[in-house]
């Protein structure tokens with residue numbers, strides 16, 4: 001699914017020097033590709049309550065843990081990069 005940020009971006013992590021994962025005010029994480037002129041690759045809803053304020057990408061790049069307005073850490077499984 002391709003998406004654009006529809007709310008403020010609160011946090012971001014650079015992965016493999018070209019993919020930027022962003023945590024947004026609408027509860028989504030969105031991946032952008034710097035090598036393709038910041039093309040949006042995909043978006044995924046992770047926090048149904050509100051904003052994603054922080055995130056940590058696992059060293060194997062297969063999951064991301066986010067913290068946000070829900071008040072609980074949420075783990076999302078990724079297919080890799």
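Just a few scattered comments:
- Residues (surrounded by fewer than 18 Cβ atoms within 10 Å (Cβ to Cβ) and either modelled with pLDDT of 90 or more or closer than 17 Å to residue 15 by Cα (or both)) located in the stretch 27-47: 33, 34, 35, 36, 37, 38, 39, 40, 41, 42, 44
- Qualifying residue in the stretch 18-26 (condition: loosely packed, with under 13 Cβ neighbours inside 10 Å, without any contact (Cβ under 8 Å) to a residue 40 or more places away in the chain and touching a helix residue (DSSP H, G or I) at 6+ places or on another chain (Cβ under 8 Å)): yes
- Close Cβ contacts (under 6 Å, 6 or more residues apart or on different chains) running from residues in the stretch 62-81 that are without any contact (Cβ under 8 Å) to a residue 12 or more places away in the chain to residues that are assigned to a loop (DSSP other than H, G, I, E, B) comprise 65/73.
- Filtered by the rule that a residue be surrounded by 15 or more Cβ atoms within 10 Å (Cβ to Cβ) and closer than 17 Å to residue 76 by Cα, the stretch 1-11 gives a lone residue, 11.
- Scanning the stretch 66-76 finds no residues that are within 16 Å of residue 11 (Cβ to Cβ), in a strand (DSSP E or B) and at pLDDT below 90.
The values are calculated or read from the model by the stated rules, or taken from the named source; none is laboratory data. None of these values were measured; they are calculated from a predicted model. Cβ atoms come from the backbone with ideal geometry, glycine included; neighbour counts cover every protein chain shown.
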